[in-house]
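Take a look at the structure set out below.
The values are calculated or read from the model by the stated rules, or taken from the named source; none is laboratory data. Note that the structure is a prediction, hence the values are computed from the model and not measured. Ideal geometry is used to build each Cβ from the backbone, glycine not excepted, and the neighbour counts take in all protein chains shown.
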Amino acid sequence: MIQLEAISKIYETGSGKRVNGLRNIDLRIGRGEFVVIKGPSGAGKSTLMNILGLLDTPSAGRYFLNGEEVSGRSIDDMAQKRNTEIGFVFQAFHLLPKTTAAENVELPLLYSIRTDSEGLALEALRMVGLADRADHFPGELSGGQQQRVAIARALVNDPALILADEPTGNLDESSAKEIMALFRELNRKGKTLVIISHDSNIAAGAERVLTIDAAAIIADEGGKQGRP
């Protein structure tokens, strides 16, 4: 599903200094894998996630998603691919406070080209066990419930790939376990999961763990042979 070839990212600071965000990354993630990316702050985890999610472009190298090169695509093309093929979950839930759970989940559908969107938000909430909270506002939900709404929003367009950046970082231990159980269930149903996390419990439950440091992948442990 994901193939990176010699991906690098270089940033320039205000003083003109060049900083390596990623250095010559080669990576292949098969369809249906559950991958955790770990490493110290500033190692390059978020830069890698942004490139995988088409939120940023590499300075060098090639990125193939579902067999199609996407590293040289236009901003509009990348936005369309993000909307239809990738779901995002973040540490901060990014829910609109004056919008119901169902309306928050519907947001990606506003930018979708699909014509069969009726009922999809409720179905996505049903998948995460919150159909009975569809009319509730985020302030009326617990942290774990808000993250479930965020996951439903990521699922509403039925993407094959879910990218999550510290998805349990704002949750208590009990809620974090519930969210990880939900992620594992989604993976069993065929979703490809790539999660950034400092939580050793999350890494311990993954099939494959990548360690990134100093802008390079320094370890790749475990893994199953998913479909490309």
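Details
- Scanning the range 189-209 for residues that are of a type outside the set (Gly, Ala, Ser) and in contact with a strand residue (DSSP E or B) (Cβ under 9 Å, 6 or more places away or on another chain) turns up LYS191, THR192, LEU193, VAL194, ILE195, ILE196, HIS198, ASP199, ILE202, GLU207, ARG208, VAL209.
- Residue count for the range 176-222 under the criterion of being under 18 Å from the mean Cα position of the chain (by Cα) and at pLDDT below 85: the result is 5.
- Considering the range 152-175, and only residues there that are surrounded by fewer than 21 Cβ atoms within 10 Å (Cβ to Cβ) and among the hydroxyl-bearing types (Ser, Thr, Tyr), the residue that is nearest to the chain's Cα centre (by Cα) turns out to be SER175.
- Checklist (1) of a type outside the set (Phe, Trp, Tyr); (2) touching a Lys or Arg at 6+ places or on another chain (Cβ under 7 Å); (3) crowded, with 16+ Cβ neighbours inside 10 Å applied to LEU27, failing item: (2)
- With respect to the conditions (1) more than 20 Å from ASN83 (Cα to Cα); (2) modelled with pLDDT of 90 or more, GLU106 lacks only one, and its number is (1).
- Candidates are the residues of the range 52-93 that are without any contact (Cβ under 8 Å) to a residue 40 or more places away in the chain and in a strand (DSSP E or B); the one that is surrounded by the most Cβ atoms within 10 Å (Cβ to Cβ) is GLU69.
- Qualifying residue in the range 27-36 (condition: among the aliphatic types (A, V, I, L, M), over 30 Å from GLY205 (Cβ atoms) and touching an Asp or Glu at 6+ places or on another chain (Cβ under 8 Å)): no
- The range 94-107: number of residues that are in a loop (DSSP other than H, G, I, E, B) and under 16 Å from ASP158 (Cβ atoms): 0
- In summary, strands (runs of 3 or more DSSP E) completely within the range 108-224 and bearing 3 or more residues that are β-branched (Val, Ile, Thr) occur at 192-196, 208-213.
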